1. My understanding is that a pair violates if its Cα-Cα distance is over 29 Å; which of LYS235/LYS310; LYS112/LYS279; LYS232/LYS335; LYS116/LYS196; LYS183/LYS285; LYS116/LYS279 do that in this structure?
2. Could you tally the net charge around ILE124, taking each other residue with its Cβ under 15 Å from the Cβ of ILE124, Lys/Arg +1 and Asp/Glu -1?
3. In what order, largest first, do TYR220, TYR115 sit by accessible area if the probe radius is 1.4 Å?
4. As an exercise, use a Förster radius of 22 Å and the Cβ-Cβ distance of ASN138 and THR245 to find the FRET efficiency, rounded to the nearest 0.05.
5. Using the Cβ atoms and a cut-off under 13 Å, what net charge is assigned to the surroundings of VAL317, where Lys and Arg are +1 and Asp and Glu are -1?
6. Which peptide among 160-167, 189-196, 60-67 comes first, and what is the full order, when sorted by highest mean count of other Cβ atoms within 10 Å?
7. Hey, which aspartates and glutamates would be in cross-link range of LYS168, C-alpha to C-alpha under 16 Å, not counting anything within fewer than 8 residues on its own chain?
8. In the neighborhood of GLU224, defined by Cβ-to-Cβ distances under 12 Å, what is the net charge if each Lys or Arg adds +1 and each Asp or Glu adds -1?
Amino acid sequence: MGKIKEQTSLIFKFVHWPLIARILIIIFIINFTFGVLIHFIEPDEFPTFFDGVWWAIVTTATLGYGDYVPVTVTGRSLGILLILFGTGFVTTYFVSLAASAIATQNNYLEGKVDYKGSEHIIVIGWNERVRETLRQINSMSNKPLSIVLIDQTLEKNPLHDQNVHFIKGNPCYDQTLLAANVKVAAFVVVSADQSKTEVQADMNSVLTLLAVKGLNPDVYTIVEILTSLQVKNAKRAGADEVIQTNMFTSYVMTNSMMSNGMSNTLLSMLDQLKGSKLKYLEAEKGFVGETFEKISNQLLQNKTLLIGVKRRGDTMVNPPLYTLIQEDDCLLVIKD
């Protein structure tokens, strides 16, 4: 009984192997068996076992070099059986291999393959803002970035030719975020869902943010919020940075009404920042106690433009020149 159980277990395991592996093993067994048989049937034409196996492989592969050929009726009958059985398995193997490659490619396009990399950028949600953001990120980077796009509405990867890995699924669910390998991600960007109302989109963004922070509390998160009432909730959920899209848009519209053509000017200014970086620098010890004007002149010598100061969470853009730099200040600069 023990041997029967053991044999049954081996057969059960073999049946559950991948189809390509099973066919390849069967091909090997057939070629080896027929190669050994033809050696014993016609030892003069096939002096060694290797010659017989070589003939079997060449025959099943339909190459037909003709260097080894059976001459007896028994040998040729064996060759006919090999052609009928072996060639069919070899053809099935290559068909399965091609089908597997196509299925794998389709799975990648349809977002069914988990991401295995690390230190990547996860972008949640798809819209034209995301498309433009990814385009600008890739244009600004000196090396290809690892980007994972999560969306449940797309049927296939919209940027499969731009080094973007697509995961299809609801970003509020742990299984979707784990498929994107969120535990080792560097950044997570949550975009507002345009198919929902502003309130529903913000609630969905906060819920997604909670799921992300629950799996990786240390990942840097940027979330787009449409309504000002949900900004506090986003920060409570752990957002490292909140982008209020509607507020930015209202500022541009207000300035355009006050000064005609200002929207094009602002867009041109932001577009020219592609080669530079708008960033915060911690105030050095030598800057503390000095005026904004003096520090600005010093930074200009290093091709760094000082445009503001961040103090206790509030940013002062173009403050009075006599403003003194304090110890905990951060300098808002444009730097090449």
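The values are calculated or read from the model by the stated rules, or taken from the named source; none is laboratory data. Note that the structure is predicted; figures quoted are calculated from it, not measured. Here Cβ is always computed from backbone atoms with ideal geometry, including for glycine, and neighbour counts include all displayed protein chains. Remember, those area values only see protein heavy atoms, side chains included, never the ligands or the DNA or RNA. Shrake-Rupley method; radii C 1.70, N 1.55, O 1.52, S 1.80 Å.
1. On the way: LYS235/LYS310 19 Å; LYS112/LYS279 37 Å; LYS232/LYS335 31 Å; LYS116/LYS196 31 Å; LYS183/LYS285 36 Å; LYS116/LYS279 31 Å.
As for pairs spanning more than 29 Å Cα to Cα, those are LYS112/LYS279; LYS232/LYS335; LYS116/LYS196; LYS183/LYS285; LYS116/LYS279.
2. Values: positive: ARG129, ARG131, LYS168, LYS196, LYS213; negative: ASP151, ASP174, ASP193, ASP202, GLU224, ASP240, GLU241.
Computed value for this residue: -2.
3. On the way: TYR220 85, TYR115 40 Å².
I get TYR220, TYR115, largest accessible area first.
4. 0.50
5. Working: positive: LYS310, ARG311; negative: ASP314.
Cβ neighbours under 13 Å give a net charge of +1.
6. Highest mean packing first, the order is 189-196, 160-167, 60-67.
7. Within reach: GLU110, ASP114, ASP151, GLU155, ASP193.
8. Values: positive: ARG129; negative: ASP193, GLU198, ASP202, GLU241.
Result for the neighbourhood of GLU224: -3.
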